[in-house]
1. Of the residues in the stretch 62-72, how many are touching a residue at least 12 places away in the same chain (Cβ under 8 Å) and within 8 Å of the ligand (Cβ to nearest atom)?
2. Within the stretch 105-114, how many residues are away from the ligand (no atom under 13 Å from the Cβ), within 22 Å of residue 67 (Cβ to Cβ) and touching a helix residue (DSSP H, G or I) at 6+ places or on another chain (Cβ under 8 Å)?
3. Considering 50, 75, 102, 89, which residue is within 11 Å of the ligand (Cβ to nearest atom), modelled with pLDDT of 95 or more and crowded, with 19+ Cβ neighbours inside 10 Å?
4. List pairs: first in the stretch 105-131 and under 17 Å from residue 91 (Cβ atoms), second part of a strand (DSSP E or B), Cβ under 6 Å, 6+ apart or cross-chain?
5. Can you tell me how many residues within the stretch 55-66 are modelled with pLDDT under 95 and either outside any helix (DSSP H, G or I) or in contact with a strand residue (DSSP E or B) (Cβ under 8 Å, 6 or more places away or on another chain) (or both)?
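The values are calculated or read from the model by the stated rules, or taken from the named source; none is laboratory data. Just so it is clear, the structure is predicted and the values come from calculations on it, not from any experiment. Cβ atoms come from the backbone with ideal geometry, glycine included; neighbour counts cover every protein chain shown.
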Ligand code: HEC
């Protein structure tokens, strides 16, 4: 096969893969956490985060992350927060806190818990609430 054609086919297959991923994408408006997670996250938040971030802190933050995967925000909070003791909580605890942050901003809960152990978060985009 001519080289140019190979390159073109390779580029096309990458493009198709990207479209497949985008198709698969959900947003934080799709009920991506459970009420149980948010309830547990509320206690953790009060203990570890509230002292520096009041409950309104995350609305503008989520606005700024609009269109990005929620994994980016998760990465920041799980690696650098609480500022006084970075990365001191378990991954599941950060997941619960993220669920609570979404519930604070009145994003709906759903049936499936937010999982942070695989790439699931990369496929959940930050988006405005549905009205
Ligand atoms: C000792 C104070 C302190 C504590 C406790 C703390 N933070 Fe922070 N946090 C900060 C500061 C300072 C920044 C960076 C400045 C800013 O954007 O307000 C920040 C930034 C963040 C950001 C980035 C926001 C953005 O702009 O994208 C997130 C997310 C976050 N914190 C989450 C948390 C969570 C979740 C907890 C609890 C586990 C927590 N923080 C606890 C002080 C704190």
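1. Looking only at that region, the number is 1.
2. Result for the stretch 105-114: 4.
3. 89
4. Within 6 Å, the pairs are 122/69; 124/26.
5. So the answer is 2.
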